[in-house]
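Have a look at the structure below before the remarks.
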Amino acid sequence: MQPFNYKKAGQAENAVALVAPDAEASYLAGGTSLIDLMKLNVQMPKELVDINPLPLSKIEMQGNSLRIGAMARNSDVAYDAIIQQRYPVLSEALLSGASPQLRNMATVGGNLLQRTRCYYFRDTSMPCNKRVPGSGCAAIEGYNRIHAILGGSDRCIATHPSDMAVAMVALDAVVQTRSPNGERSIPLVDFHLLPGETPERETVLQHGELIVAVDLPASNFAKRSHYLKVRDRASYAFAMASVAAALDIQNGIIRSARIALGGVGTKPWRAYDAEKALLNKPANQAAFQAAANAAVAGAKPQKYNAFKVELTRRTIVKALATVGGMA
């Protein structure tokens, strides 16, 4: 690990004032991802601004929406009574990720910003366009079993690792931020960027822009939702494929649907075509299979991960059957 300076901020405006002017400064929240990457010399900030004292850990209703502070710990969010009752998909997603110890430290804001688990990104002896722009992508010709089948480019096929973000995309979450230019609201579905020609840019955030909260709007489908994750080890592993599914079913007919995918996309993947395939259809196996087929219609598997196409289909069907009460 390289040497760095350490500072602590007590208020959001102070934190922004410390990080925004310095291109080599970074926020430190739970540190579960950043410190790991600093030890590997993948990330080497010259200055860390500790934002743990910020008063941003509340989980509270604001009108019809639920506001989750950016510093709320993953475990607190997962076991919050309102979230378990009204947004079960989010609680399930959080409890499927990492270990209890990590969830006790990891924050909501940090979870949205966690970096890929691509082996080549984490190995500084290998080329990686995300870590060193223009150096190449070792994964495309390498061992790419864990990599993306949706949203990749000829520069990068790294998957996004978050479970929480997948559930939040399905719930139409909105990210609230603060920067020297003021405050803004960003729909989570637009928050993460496709790699395209610039895989080093992973979100729409500007340097120094601080996540202060995430809002979950009221909806008619959130209560009937489920997160299903398939992985190599049940105890602690990132998703090979995961599905956040939510349905509003009235008299046996699907009136609205949300499907988001994890472990298969370069960002938390909203499966719009799958949702369209479900609208105004009976909640049955045929509709679920049609949605699953639509979700992977544009998939581009690599040499070692073609199995993810069928795995994703089956995971979608099982998640929808669970939400629809047919599992």
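The values are calculated or read from the model by the stated rules, or taken from the named source; none is laboratory data. A quick note: this is a predicted structure, and the numbers were derived from the prediction, not measured. Counting neighbours? That spans all protein chains shown, and the Cβs are built from the backbone with ideal geometry, glycine included. Accessible surface areas use protein heavy atoms only, side chains included; no ligands, DNA or RNA. Shrake-Rupley method; radii C 1.70, N 1.55, O 1.52, S 1.80 Å.
Things to note:
- The residue that is farthest from LEU113 (Cα to Cα), counting only those in region 243-272 that are assigned to a strand (DSSP E or B) and touching a Leu at 6+ places or on another chain (Cβ under 6 Å), is ILE254.
- Only a single item in (1) buried (at least 23 other Cβ atoms within 10 Å of the Cβ); (2) part of a strand (DSSP E or B); (3) over 16 Å from the mean Cα position of the chain (by Cα) is not met by GLU183, and it is number (1).
- Complete set of residues in region 1-43 that are small (Gly, Ala, Ser) and under 19 Å from GLY109 (Cα atoms): ALA9, GLY10, ALA12, ALA15, ALA17, ALA20, ALA25, SER26, ALA29, GLY30, GLY31, SER33
- If the condition is being over 18 Å from ALA222 (Cα atoms), among the charged types (D, E, K, R), out of contact with any strand residue (DSSP E or B) (no Cβ under 7 Å at 6 or more places or on another chain) and assigned to a helix (DSSP H, G or I), then region 273-327 contributes ASP273, GLU310, ARG313, ARG314.
- Matching entry among MET71, MET61 (being loosely packed, with under 14 Cβ neighbours inside 10 Å and outside any helix (DSSP H, G or I)): MET61
- All of (1) in contact with an Asp or Glu (Cβ under 7 Å, 6 or more places away or on another chain); (2) closer than 30 Å to ILE140 by Cβ; (3) of a type in the set (Gly, Ala, Ser); (4) in contact (Cβ under 8 Å) with a residue 40 or more places away in the chain hold for ALA294 with one exception: (4).
- Considering residues of region 141-152 that are of a type in the set (Gly, Ala, Ser) and in contact (Cβ under 8 Å) with a residue 60 or more places away in the chain only, the residue most open to solvent (accessible area, probe 1.4 Å): GLY152
- Failed item in (1) open to solvent by 60 Å² or more (accessible area, probe 1.4 Å); (2) touching a residue at least 24 places away in the same chain (Cβ under 8 Å); (3) out of contact with any strand residue (DSSP E or B) (no Cβ under 7 Å at 6 or more places or on another chain), with LYS7 passing the rest: (3)
- Among (1) small (Gly, Ala, Ser); (2) crowded, with 24+ Cβ neighbours inside 10 Å; (3) over 21 Å from ALA165 (Cβ atoms), the one test that GLY262 misses: (3)
- Residue match in region 215-232 (condition: open to solvent by 30 Å² or more (accessible area, probe 1.4 Å), assigned to a loop (DSSP other than H, G, I, E, B) and within 22 Å of THR159 (Cα to Cα)): yes
- Extreme residue, farthest from the chain's Cα centre (by Cα), among residues of region 83-104 that are part of a helix (DSSP H, G or I), touching a residue at least 60 places away in the same chain (Cβ under 8 Å) and surrounded by fewer than 19 Cβ atoms within 10 Å (Cβ to Cβ): GLN85
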